[in-house]
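The structure under discussion appears below in the form of structure tokens.
The values are calculated or read from the model by the stated rules, or taken from the named source; none is laboratory data. Source: prediction; values computed, not measured. Every residue, glycine as well, gets a Cβ built from its backbone with ideal geometry; the counts of neighbours run over all protein chains shown. With ligands, DNA and RNA removed, areas are computed over all heavy atoms of the protein, side chains included. Shrake-Rupley method; radii C 1.70, N 1.55, O 1.52, S 1.80 Å.
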Amino acid sequence: MEKNYLKQYIEFSNAFRKSNSSKESVENIYDLLYELEDVDRTKEDNLVLSNVYILLGFHKSAYDVFKETVDLSNSKEVSKLYVMEQSQIAWK
């Protein structure tokens, strides 16, 4: 049975935001990050990993993961990639 990383991410990110980044919520987010980095990921898992990176402020890593999984026929994903790409230019 596959683990539902999206559900876990939603729970952890909500707790993270509501608790103003409490130590426990940060630990949960990092645990999820490390777990996602160590498993064979599906496209959905890569999207979750990208969101975890964004939540933690690792924007370049988020962009790198998202860029590999983006569906170019999905205008919403292409738009998100464009915004992330523009942010990459601004960070340089």
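Compared with the alpha-carbon gap, the fully stretched path from LYS60 to ASN20 is longer by 12.1 nm at 0.36 nm per residue.
Note on surface exposure: SER25, SER79, SER73 rank SER73, SER79, SER25 by accessible area, highest first, 1.4 Å probe.
Using square roots of five times the C-alpha gyration tensor eigenvalues, list the equivalent-ellipsoid semi-axes of the chain in whole Å, biggest first.
Working: eigenvalues 101, 57, 25 Å².
Those come to 22, 17, 11 Å.
Here the relative contact order of region 8-86, from alpha carbon pairs under 8 Å that lie six or more residues apart, stands at 20 percent. Residues of region 34-56 with amide nitrogen under 11 Å from the 7 Å Cα-to-Cβ point of GLU77? 43-47, by backbone N distance to the label point.
Would you mind computing, in nm to one decimal, how far apart the modelled labels at LYS43 and GLN88 are, each placed 7 Å from Cα along Cα→Cβ? A separation of 2.0 nm, rounded to one decimal place.
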